[in-house]
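Student: Pasting a structure below so you can have a look.
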Amino acid sequence: MAEMLAGRLDVRTREFAVKRVPVPEPRYGEVRIAVKAAGVCLSDVHLIDGTLRPLYLKQNEVTLGHEVAGVIDSLGEGVDRFTVGQRVLLQAGEEDLDGTIFTRGVDYDGGWAEFAVAAERTVVPIPDSLPFEQACIIPDAVSTPW
């Protein structure tokens, strides 16, 4: 199984470490991106210091990062709006069918990693003229005040 580096937080101990983890595979309706830039948000700091706790995390560790931009690397079955090699950013989270909002890098694995997976509906194309370092902050630092 292929591995990658990821910035992981153990939410019980608040220990942050860069670890080798399996490269995620996109499932039906998902894409995998090769992460080119990921922002550091104050909520990432609050997760590490324990003043913010995940509400819906199903395990004790999570890859941080909800400000993510990169290039589509792999398409899951059923994805038809995107192509491999396309430049994109990922929305900071997603809503399930019951209306629950899950935050990327808090409630499920985020983009402080070499690769990240995302539901097709949470992927936004970006133009070639927009640097990844600027695009990655749009899902949070730009959209929140807007």
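Student: I'd like to know if the range 25-43 contains one or more residues that are touching a strand residue (DSSP E or B) at 6+ places or on another chain (Cβ under 9 Å) and free of Cβ contacts under 8 Å to residues at least 60 places away in the same chain.
Tutor: No, because not a single residue in the range 25-43 is touching a strand residue (DSSP E or B) at 6+ places or on another chain (Cβ under 9 Å) and free of Cβ contacts under 8 Å to residues at least 60 places away in the same chain.
Student: Filter the range 113-146 down to residues that are of a type in the set (V, I, T) and assigned to a strand (DSSP E or B) and give me whichever is farthest from R27 (Cα to Cα).
Tutor: Restricting to residues being of a type in the set (V, I, T) and assigned to a strand (DSSP E or B), the top hit is V124.
Student: Among the listed residues G99, G70, G85, G110, identify the single one that is part of a loop (DSSP other than H, G, I, E, B) and either open to solvent by less than 20 Å² (accessible area, probe 1.4 Å) or touching a residue at least 40 places away in the same chain (Cβ under 8 Å) (or both).
Tutor: None of the others qualify; the one that does is G110.
Student: Can you tell me which residue is least open to solvent (accessible area, probe 1.4 Å) among those in the range 49-65 that are under 17 Å from T100 (Cα atoms) and in contact with a helix residue (DSSP H, G or I) (Cβ under 9 Å, 6 or more places away or on another chain)?
Tutor: Of everything passing the filter in the range 49-65, P54 is least open to solvent (accessible area, probe 1.4 Å).
Student: When you go through (1) under 21 Å from T122 (Cβ atoms); (2) touching a Lys or Arg at 6+ places or on another chain (Cβ under 6 Å); (3) not aromatic (F, W, Y) one by one for E61, which number turns out not to apply?
Tutor: Here E61 meets the rest and fails (1).
The values are calculated or read from the model by the stated rules, or taken from the named source; none is laboratory data. What you are looking at is a predicted structure, and each value in this text was computed from that prediction instead of being measured. Quick reminder, even Gly has a Cβ in these numbers, built from the backbone with ideal geometry, and neighbours come from all protein chains shown. Each accessible area value is taken on the protein alone, full model and side chains, heavy atoms only, with ligands, DNA and RNA left out. Shrake-Rupley method; radii C 1.70, N 1.55, O 1.52, S 1.80 Å.
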